[in-house]
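Structure record follows, encoded as structure tokens.
Any read-out appearing in this document is the output of simple, stated calculations on the displayed coordinates, not a laboratory observation. What you see is a predicted model, and the numbers here were worked out from it, not measured in a lab. Neighbour counts run over all protein chains shown; Cβ positions are idealised from the backbone, glycine included.
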């Protein structure tokens, strides 16, 4: 069904503003290719990720191994595709945790005011004052083995990394949501709903929260990029997933001692992290412009 002449829906206007941001469109296209590659690539390139071949150690790109091999002769393309699933899944899951926790805290603070608002913002400031990377490393180091023994090495590390990264990224979302709620709750349409007897829950769900989602979505894209970098940092420091479970950070960590004889090894892993984070940041910039009509495009 086409648009009526002279009328553009909010969704269409948002898309029009977003597509004018060329870097954001390019970033979205790169992310789409990456997601399709990690989702369906292993189904096409069916090479075992831990298939060792000592006769082809540190081999460069070839028809048999398009991205070359590592120090054990393992196919880097297969490991990159598999590792991309984990790295991107960690980013998306950690973002979901940060957005959900931050939205709940910010919404309660923005609607409550008074002592509840002060207490929640004090808690937010307390978490903001904590050194994120040292605390992340400490928690992972202390609880990784215990959780691996309970739910398994891969799932245990995944849950712990997602929970810790998301738990250290919700504060910015909480502040954004609180500011939006404090502004929106005084708007005429919310006052009208309040005058008609709408409960606080209905005011939040039907009127305030939908209008506060723009900054939250933008903050969420930033959290995805930050989570991917954090997971890569953990893997690079040897505190991430086990060595037999490749992630982009783990592949980069394994390649650090072979930069002089097998530079392709680190180039592909580092390039994937760089492209993913850069693309997500550009998409975030585009969404910020598209969701805020006051910005000049």
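Values as computed for the structure displayed
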{"item": "147, 234 arranged by Cβ crowding within 10 Å, fewest neighbours leading", "result": "147, 234"}
{"item": "Residue with peak Gaussian network fluctuation, the chain [Cα springs, cutoff 10 Å], from 226, 93, 32", "result": "32"}
{"item": "Residues 229, 161 arranged by fewest to most Cβ contacts within 10 Å", "result": "229, 161"}
{"item": "Rule-of-thumb Rg ratio for segment 1-147 [Cα; 2.2 N^0.38 Å; N residues]", "result": "1.60"}
{"item": "Burial ranking of peptide ranges 184-197, 11-24, 77-90, 261-274 (average Cβ count within 10 Å, highest at the top)", "result": "77-90, 261-274, 11-24, 184-197"}
{"item": "Calculated [θ] (222 nm, deg cm²/dmol) that DSSP helices of n ≥ 4 give over the chain, each run adding -39,500 (n - 2.57)", "result": "-23500 deg cm²/dmol"}
{"item": "By average C-beta atoms within 10 angstrom, highest first, the peptides 283-289, 201-207", "result": "283-289, 201-207"}
{"item": "Overall Cα dimensions of the chain - principal axes, largest extent first, Å", "result": "77, 53, 29"}
